[in-house]
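Colleague: First the structure, which I've put down as structure tokens, then a few questions once you've had a look.
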Amino acid sequence: MSITEIIQNGVIQAVKEIYGETITSDQITMNVTRKEFEGDYTVVTFPFTRIAKKKPGEIAEELGGFLVKNIPQVDRFNVVQGFLNLVVSDQFWRDFLLETAENESFGKQPSNGRKVMIEYCSPNTNKPLHLGHVRNILLGWSCSKLYEAAGYDVVKVQIINDRGIAICKSMLAWQKYGNGATPESTGTKSDHFVGDYYVMFEKKFQEEYKAWQQSPQGQAVLVEKRKPEQSDEQFFKDFKNTYFNEHSALGKEAREMLQAWESNDPATIELWKKMNGWVYEGFEETFKKLGVSFDKYYYESNTYLLGKDLVEQGLSSGAFYKKDDGSVWVDLTDAKLDHKVVLRSDGTSVYITQDLGTAQMRYNDFGAEKMVYVVADEQNYHFQVLFETLKRLGEPYADGLYHLSYGMVDLPSGKMKSREGTVVDADDLVAEVIGEARAAAEERGEVAGLSKEEQEETMRKVGLAALKFHIIKVHPKKRMVFDPKESVDLQGQTGPHIQYAYVRIKSVLRKAEGSGFGIGNSELAKSYGPIQPQEKELISQIYRFPEVINSAAADFDPSAVANYCYDLAKAFHRFFTDLSILKAESEEAKAFRLQLCGAVANVLKTGMELLGIEMPERM
């Protein structure tokens, strides 16, 4: 039983005996005591004024006296304006620490037999992974680790968008301008190679469009269709998509290539497989750098025709309706979502059709009670419609669908645009942060004693910690501006700052082992006391770790774990500065503090692993 449950049960007993009323734990408001007051937990007594018919301060005094007398874990109390601050006994904290100090899996829950599926990354095969994908990937990966730690069986999937007009643009550009070049012949990473042709298509298209604007045909369209309030420049900016679809020679070729693909033309399919193969090879290389993996891949080329059986099911049940032109719709106005087409009049699918079918396929594949989609908040409406539609269809998994909607990532200069080449590639970003970590370490001379291989491995861990923590520490819902220079700052609220706390601990433990006084002296530690405030702060933070994991998983919020790890590391640095460890005032204090160091190290390592961050032994 946790200390909060012990206190809650004590309050329930106190209210029953003192005031003759029966309450439940739901009626008790309890928080961690604010730092400016003495105490570990605070009970709010205002809700009990009706029961006790007394002022909150009087109630707090009576409850506090009862708890100190009857609950051994409560040592003393104080009252501040009706708030009951409880001090937990040193014996409780000491027993807890000695039970968990060497438990490397502390905080993780046993298997609960429940399954959750998390979809993340889901890139397009016309470009390499970029900074926006990195935030998506890190959120998806850390949520999967959080749910595993909370006891769930987690399936990690992605759907790769490997078809459509954007893919054909890359293919056409390579076909027209590539002259048979390959990633190997150019020495270019394979997904970057394909992405370069996507950018090249846009460049060639812009050149074509600019020339057309000055042509007699372009000028005629301008005169005919420009609105009075539009400038020539604004008209051509707004007319771009229409030009691509109705006038552009390159646009026509790209559309013809898409039609050939949909008709299963052998030459087009062969080209498509070749270029997608290059991209997949590059993706896997990036996934490996980021330390992430997937259990199953879905491909839009295999799923884009799914969902038509669900449309028929919806028509039969009355969930959908058909218009006179043959198109099929769902009326979601009672859910404030408008009418939504689910099948065109010509019988072809729309995007949501395949999402309906893919959801059903995944449920058949895994039977997960919860399916999570990690997708940027630009798609909020789409997922509201998708989930509501599946509920109307009566699908058994509909109530377990969740959209982890996260804010987009901008650069200081504004939005990233793949087709214009103004993105921060994931590979370049990883190389940059590792390079910055290397430069900082060399300047300080901290890894000079390590072998070249150990130095490189340490710098990899430090650089990736800087990158990952910088992104994950921001709440998923918040849009963020990513500044590459700030991300690799090794000071302050950063991943390396937390790694340094861990490295400090490992150094202390190595020295203790070297002197023959290891962490295992728990018998000596049992008689240590009184516990100092810096020690108690660390122990109480460690105690809350399982709760932090469960709460972060339930809220799909890895930033809670990131900020918890930072607070724990910051508290350790204070403890390390204020109190001696290896030169402690007594053997009992030394043994106790080494136990505490070991516990902090285990929790920091576990917490950072949940964020996909590895801990170095030295840095």
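The values are calculated or read from the model by the stated rules, or taken from the named source; none is laboratory data. Note that the structure is predicted; figures quoted are calculated from it, not measured. All Cβ positions, even for glycine, are placed from backbone atoms using ideal geometry, and neighbour counts span all protein chains on display. We work out accessible area using only protein heavy atoms, side chains counted, and drop any ligands, DNA or RNA first. Shrake-Rupley method; radii C 1.70, N 1.55, O 1.52, S 1.80 Å.
Colleague: Might you check whether a residue that is part of a helix (DSSP H, G or I), among the β-branched types (Val, Ile, Thr) and surrounded by 17 or more Cβ atoms within 10 Å (Cβ to Cβ) occurs anywhere in the stretch 387-407?
Modeller: First, pick out the residues of the stretch 387-407 that are part of a helix (DSSP H, G or I): 387-392, 398-400.
With among the β-branched types (Val, Ile, Thr) added as a condition, the list becomes 389.
With the extra rule that they be surrounded by 17 or more Cβ atoms within 10 Å (Cβ to Cβ), the set shrinks to 389.
Yes, the stretch 387-407 has at least one match.
Colleague: How many residues does the stretch 105-148 contain that are surrounded by 21 or more Cβ atoms within 10 Å (Cβ to Cβ), over 21 Å from Thr606 (Cβ atoms) and hydroxyl-bearing (Ser, Thr, Tyr)?
Modeller: Residues flagged as surrounded by 21 or more Cβ atoms within 10 Å (Cβ to Cβ), over 21 Å from Thr606 (Cβ atoms) and hydroxyl-bearing (Ser, Thr, Tyr) within the stretch 105-148 amount to 2.
Colleague: Is it the case, given these coordinates, that Gly251 is within 30 Å of Gly282 (Cα to Cα), within 38 Å of the chain's Cα centre (by Cα) and surrounded by 13 or more Cβ atoms within 10 Å (Cβ to Cβ)?
Modeller: So Gly251 passes the test.
Colleague: Output yes when any residue across the stretch 603-613 is part of a helix (DSSP H, G or I), modelled with pLDDT of 95 or more, within 13 Å of Leu97 (Cβ to Cβ) and open to solvent by less than 60 Å² (accessible area, probe 1.4 Å), and no when none is.
Modeller: yes
Colleague: Mind listing whichever residues of the stretch 12-34 are open to solvent by 50 Å² or more (accessible area, probe 1.4 Å), outside any helix (DSSP H, G or I), closer than 20 Å to Phe77 by Cα and out of contact with any Asp or Glu (no Cβ under 9 Å at 6 or more places or on another chain)?
Modeller: Answer for the stretch 12-34, where residues must be open to solvent by 50 Å² or more (accessible area, probe 1.4 Å), outside any helix (DSSP H, G or I), closer than 20 Å to Phe77 by Cα and out of contact with any Asp or Glu (no Cβ under 9 Å at 6 or more places or on another chain): Thr29, Asn31, Arg34.
Colleague: Restrict the check to the stretch 77-90 and report whether at least one residue is touching a strand residue (DSSP E or B) at 6+ places or on another chain (Cβ under 6 Å), without any contact (Cβ under 8 Å) to a residue 40 or more places away in the chain, outside any strand (DSSP E or B) and over 25 Å from His470 (Cβ atoms).
Modeller: Yes, some residue in the stretch 77-90 is touching a strand residue (DSSP E or B) at 6+ places or on another chain (Cβ under 6 Å), without any contact (Cβ under 8 Å) to a residue 40 or more places away in the chain, outside any strand (DSSP E or B) and over 25 Å from His470 (Cβ atoms).
Colleague: Let me ask something else. Determine which single condition Ala599 fails, assuming it passes every other condition in (1) under 26 Å from the mean Cα position of the chain (by Cα); (2) more than 18 Å from Thr100 (Cβ to Cβ).
Modeller: (2)
Colleague: Within the stretch 549-572, count every residue that is open to solvent by less than 30 Å² (accessible area, probe 1.4 Å) and within 16 Å of Phe469 (Cβ to Cβ).
Modeller: 10
Colleague: Now a separate question. If Ser144 satisfies all but one of (1) hydroxyl-bearing (Ser, Thr, Tyr); (2) touching a residue at least 40 places away in the same chain (Cβ under 8 Å); (3) assigned to a helix (DSSP H, G or I), what's the number of the condition it fails?
Modeller: Exception for Ser144: condition (2).
Colleague: Also: Among the numbered criteria (1) modelled with pLDDT under 95; (2) open to solvent by less than 10 Å² (accessible area, probe 1.4 Å), which one does Glu102 miss?
Modeller: (2)
Colleague: Also, I was wondering about something else. Check Asp331, Asp355, Asp346, Asp365 and return the single one that is free of Cβ contacts under 8 Å to residues at least 60 places away in the same chain, among the charged types (D, E, K, R) and exposed (fewer than 14 other Cβ atoms within 10 Å of the Cβ).
Modeller: Of the residues listed, the single one that is free of Cβ contacts under 8 Å to residues at least 60 places away in the same chain, among the charged types (D, E, K, R) and exposed (fewer than 14 other Cβ atoms within 10 Å of the Cβ) is Asp346.
Colleague: Also, I was wondering about something else. Would you pick out the residues in the stretch 257-273 that are assigned to a helix (DSSP H, G or I) and either open to solvent by 90 Å² or more (accessible area, probe 1.4 Å) or on the phi > 0 side of the Ramachandran plot (or both)?
Modeller: Of everything in the stretch 257-273, those that are assigned to a helix (DSSP H, G or I) and either open to solvent by 90 Å² or more (accessible area, probe 1.4 Å) or on the phi > 0 side of the Ramachandran plot (or both) turn out to be Gln259, Glu262, Pro266, Glu270, Lys273.
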